[in-house]
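Here the structure comes first, spelled out in structure tokens, and everything after it is commentary.
The numbers here are math on the coordinates, done by the rules we state, and not lab data. What you are looking at is a predicted structure, and each value in this text was computed from that prediction instead of being measured. In this analysis, Cβ positions are derived from the backbone assuming ideal geometry, glycine residues included, and neighbour counts consider all displayed protein chains.
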Amino acid sequence: MDIALAADVAWLVSIPVVALLIKFYLPGYIKEKGKNLATKEDIAGITDQIEQVKAEYSKQLELYKSEIWKSQQNYLLLQEETKLKVEAFKKAVVDVAKITDLINIYQLHSSSSEMHSAIAQMAHDKGNEEVVKASWDMHLEEKGKAAALYTKFRELIVELGSTFALFSVYFDSTLTESLYKILTMAHGAAELKMSPAEFRERLDAEYSKGHDLNVIRQIVGTHYDTLWDVKPITAEANRLFQLMKDHIKLSGNEKNAPHKS
């Protein structure tokens, strides 16, 4: 048998074998490959779903953390606001009490200063140099005290102005109006109620009646005391303090009130 014939025989024999392979093995192979391919696709789908769940969970977690942070910030802001309100109340109570006392003392020194200045002028006109010196020295001393007190008064007015600004933001209009009224009344109460010329005129009138300097000083001083009065400020201050108490009680009741579900 030559080589060509052998090759033909081998090719003819291989045809049935290949056919058998195609018939019995290839469908199973293709089916198994299909299963493997489907399994990979299923795994990929499951993986995608897992990743989506993880992404959604991360998103929800970030939102939750954000809400927690916002709640904490709101709580801190509320605490700061409460603290600010308490400090504003304390400041108002202290400064209003201070300013009424300060006006009393300021008026005493301010009026005494003008009184001694007028007496020094009277004494100078009458040639009594001893009284001139003593009265002028008292005038300067009282004037210095009054000036120092007025500086403190202005400082308190500025502080109360700041407190008033806080009241206008955080409290109701009744409290704000009361504090504003006190500020306005304080300015009026601190003003000198008699001019230097009026002091001199009244002193001359009493002196012409034959009174000595001590007596006329007392008479004119008593008259001056009738021209100014801090009682209205004190009354309004007491009203402000009562309004504050009512506000605190009301705020406390609102906090303790049951919440509707």
- request: Can you work out which of the residues in the range 163-175 that are in a helix (DSSP H, G or I) and in contact (Cβ under 8 Å) with a residue 40 or more places away in the chain is nearest to Thr100 (Cα to Cα)?
  value: Thr163
- prompt: For the range 130-168, which residues satisfy the criterion of being surrounded by fewer than 16 Cβ atoms within 10 Å (Cβ to Cβ), more than 19 Å from the chain's Cα centre (by Cα) and polar (S, T, N, Q)?
  reply: Thr151
statement: Note on the range 201-212: residues more than 25 Å from Asn104 (Cβ to Cβ) and outside any loop (DSSP other than H, G, I, E, B) are Glu201, Asp204, Ala205, Tyr207
query: Looking at Glu155, Glu159, which is the one that is in contact with an Asp or Glu (Cβ under 8 Å, 6 or more places away or on another chain) and assigned to a helix (DSSP H, G or I)?
result: Glu159
- prompt: Any idea which residue in the range 194-222 is nearest to the chain's Cα centre (by Cα), counting only those that are surrounded by fewer than 18 Cβ atoms within 10 Å (Cβ to Cβ) and closer than 20 Å to Ile103 by Cα?
  reply: Ser195
message: Checking the conditions here, which among Ser195, Ser168, Ser117, Ser178 is hydroxyl-bearing (Ser, Thr, Tyr), over 15 Å from Gly221 (Cβ atoms) and touching a Lys or Arg at 6+ places or on another chain (Cβ under 9 Å)?
response: Ser178
- request: Tell me, please, whether a residue that is charged (D, E, K, R), touching a Phe, Trp or Tyr at 6+ places or on another chain (Cβ under 8 Å) and touching a residue at least 24 places away in the same chain (Cβ under 8 Å) can be found in the range 88-103.
  value: no
